[in-house]
1. Can you confirm whether segment 49-59 contains a residue that is touching a Gly at 6+ places or on another chain (Cβ under 7 Å) and closer than 15 Å to Thr12 by Cβ?
2. Say we look at segment 36-64 and pick out the residues that are of a type in the set (Asp, Glu) and open to solvent by 70 Å² or more (accessible area, probe 1.4 Å); which of these is nearest to the chain's Cα centre (by Cα)?
3. Looking only at segment 72-107, filter to residues that are in contact with a helix residue (DSSP H, G or I) (Cβ under 7 Å, 6 or more places away or on another chain) and of a type in the set (Gly, Ala, Ser); which one of those is nearest to Met1 (Cα to Cα)?
4. Would you please name the residue that is least open to solvent (accessible area, probe 1.4 Å), looking only at residues in segment 1-35 that are among the aliphatic types (A, V, I, L, M) and part of a loop (DSSP other than H, G, I, E, B)?
5. For Ser67, only one of the following conditions fails: (1) of a type in the set (S, T, N, Q); (2) over 15 Å from the mean Cα position of the chain (by Cα); (3) crowded, with 16+ Cβ neighbours inside 10 Å. What is its number?
6. So Ser41 fits all but one of (1) assigned to a loop (DSSP other than H, G, I, E, B); (2) touching a strand residue (DSSP E or B) at 6+ places or on another chain (Cβ under 9 Å); what number is the exception?
7. Return the only residue of His80, His65, His75 being touching a Phe, Trp or Tyr at 6+ places or on another chain (Cβ under 6 Å) and either β-branched (Val, Ile, Thr) or under 30 Å from Val27 (Cα atoms) (or both).
8. Does at least one position in segment 78-85 carry a residue that is among the β-branched types (Val, Ile, Thr) and open to solvent by 40 Å² or more (accessible area, probe 1.4 Å)?
Amino acid sequence: MYITPAKKKYLTAIERLQNTAEGLKAVTLAQYLGVSKPSVSIMLRQLEKDGLVCISITEGNRVPHLSAAGENAVHQIEKHCRVLEKMLRFFGVPAASAKKDALSLEPYLSDEAYASLTIQ
C-alpha cells in the first residue's frame, strides 16, 4: 500500500506522541504538526480506514494509536531515514542537518529508490 507523504508525517508524529504522560489527543497532534484540529480529524479517519491507526475512547476523547500495520510503516520510515542520513553524511552534510533533512526527504522517495540506495 502506498502511504502519502502527509500520512507518513502523521504516523511519525503519532508514534512520537502516543506514549506521552497526558496521552495523545487530536489537539496535541494538531499543535505538534502545525495544522488545524479538523485536518487532524480528517486524516485520522483516513489512517483508521487504511488500517494504520486504531482509535480508542478514553475519558470521552478519541485517542489514536498505531496499529500493527502503522507500527510497521513507521519502522520502514525510520529505516529509510537512516539510509538517507548516512548518504547525506557521506556527502559532508553535518549530522544535525542530515538527520533533519533525511526526515524531510523520506516521504518523497519511492521504495524502489530506497532499494537502489541500499544495494551494496
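1. Looking for residues that are touching a Gly at 6+ places or on another chain (Cβ under 7 Å) and closer than 15 Å to Thr12 by Cβ, one finds at least one in segment 49-59, hence yes.
2. Restricting to residues being of a type in the set (Asp, Glu) and open to solvent by 70 Å² or more (accessible area, probe 1.4 Å), the top hit is Glu48.
3. Ala73
4. Checked segment 1-35; the qualifying residue least open to solvent (accessible area, probe 1.4 Å) is Leu24.
5. (2)
6. Unmet for Ser41, out of (1) assigned to a loop (DSSP other than H, G, I, E, B); (2) touching a strand residue (DSSP E or B) at 6+ places or on another chain (Cβ under 9 Å): (1).
7. None of the other options fit; the residue is His80.
8. Scanning segment 78-85 turns up no residue that is among the β-branched types (Val, Ile, Thr) and open to solvent by 40 Å² or more (accessible area, probe 1.4 Å).
The values are calculated or read from the model by the stated rules, or taken from the named source; none is laboratory data. As the structure is a computational prediction, the values presented were derived from the model and not from experiment. Heads up, the Cβs are rebuilt from the backbone with ideal geometry, glycines too, and the neighbour counts pull from every protein chain shown. Ligands, DNA and RNA are excluded from the accessible area calculation, which covers all protein heavy atoms including side chains. Shrake-Rupley method; radii C 1.70, N 1.55, O 1.52, S 1.80 Å.
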